[in-house]
Ligand code: G6P
């Protein structure tokens, strides 16, 4: 049928969409580039970013995880304060708003009801809203003042992969454009660095066999799994754990490396898989310290590190990219590990139980 044709030779949409990520990043580089090599972004969006004194990112699920990385990008690059909120909680646990808030809604589908509830409310107050979405013309895109398109192409698998990396790439460009508009000097060329990211993604999608083995070794029979990381790696751990939960039904949690000892370490038993990300130079030693703590309690640690800070015993090494952009590449091995873990456990990868691609009820 038609869906088989779209899948091509791939057994699952998820695997196809993981593999598409380098092309999606290159597509974003093209779509957001002027002929003279500068970033192409609406003047209106630039003005809205410049005028707001605080940005409120609203999202759910994987898009929320992209928002956490987006906050770091905007704060580090454009020096603007950002808060990230889970859409379904925002109206209950509403923060005190700044004088000129700008709301950014991140949604692959552009249809998530929890986000729409917030958008309707903030528009009542006359606040400005920008939607970052893979579906321009979607409800959230139409009802917001501005839209940024993630250009990832249709995402069919319920577990989001390419939309997540696309959202972070768009955040990078938005952050740099906002920095430029404020005259902030940067020694970071986003289009070039995203090109390096795309190449690194390609290297990773060529290492499926290795990741399949890691999934088999650590996750084929385990009941639970932990993902630990610090700094940006922590946010990617949240996403890696969500991917694993969604499609393999293994109970998985992402933790900040330093928080583990304040409770969760009680769950570590003989053989508990602990996947640690180590892509951030400034926390490389401390995350490795956390790995030793769990290993001493019997855990089975699997370190995924970045070239340049790797050690010989690390299970997997990611090609080096700019430190701002490590989440765009470090998530790929986690996506693939989740994929193969689900396969080994005979799960329905593209249509996991109880989940919907887009949740249009609150
Ligand atoms: C659903 C999907 C998740 C997704 C979330 C947000 O729960 O199962 O994969 O991350 O909605 O979707 P959105 O389209 O708003 O990004």
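The values are calculated or read from the model by the stated rules, or taken from the named source; none is laboratory data. Note that the structure is predicted; figures quoted are calculated from it, not measured. Note that each Cβ is placed from the backbone with ideal geometry, even for glycine, and that neighbours are counted across all protein chains shown.
Results, tabulated for the structure shown:
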item	result
Check on residue 213, surrounded by fewer than 24 Cβ atoms within 10 Å (Cβ to Cβ) and closer than 30 Å to residue 261 by Cα	yes
Residue ID - surrounded by the most Cβ atoms within 10 Å (Cβ to Cβ), chosen from residues in segment 110-151 that are part of a strand (DSSP E or B) and away from the ligand (no atom under 12 Å from the Cβ)	130
Residue that is more than 14 Å from the ligand (Cβ to nearest atom), farther than 26 Å from residue 31 by Cα and modelled with pLDDT of 95 or more, where the choices are 100, 93	100
Residue 16 surrounded by fewer than 22 Cβ atoms within 10 Å (Cβ to Cβ), under 22 Å from the mean Cα position of the chain (by Cα) and at pLDDT 95 or above	yes
Only one of 259, 253, 269 that is in contact with a helix residue (DSSP H, G or I) (Cβ under 7 Å, 6 or more places away or on another chain), more than 16 Å from the ligand (Cβ to nearest atom) and without any contact (Cβ under 8 Å) to a residue 40 or more places away in the chain	253
Any chance residue 304 is buried (at least 22 other Cβ atoms within 10 Å of the Cβ), in a helix (DSSP H, G or I) and away from the ligand (no atom under 16 Å from the Cβ)	no
From the options 346, 350, residue that is over 18 Å from residue 65 (Cα atoms) and either more than 23 Å from the chain's Cα centre (by Cα) or part of a helix (DSSP H, G or I) (or both)	346
Subset of segment 210-230 (residues that are part of a loop (DSSP other than H, G, I, E, B) and touching a strand residue (DSSP E or B) at 6+ places or on another chain (Cβ under 9 Å))	222, 223, 230
Odd one out for residue 85, checked against (1) within 13 Å of the ligand (Cβ to nearest atom); (2) surrounded by fewer than 24 Cβ atoms within 10 Å (Cβ to Cβ); (3) more than 12 Å from the chain's Cα centre (by Cα)	(1)
Count of segment 158-203 residues which are within 18 Å of residue 342 (Cβ to Cβ) and either at pLDDT below 95 or surrounded by fewer than 24 Cβ atoms within 10 Å (Cβ to Cβ) (or both)	1
Boolean, residue 144 is closer than 25 Å to residue 329 by Cβ and either in contact (Cβ under 8 Å) with a residue 12 or more places away in the chain or out of contact with any strand residue (DSSP E or B) (no Cβ under 6 Å at 6 or more places or on another chain) (or both)	no
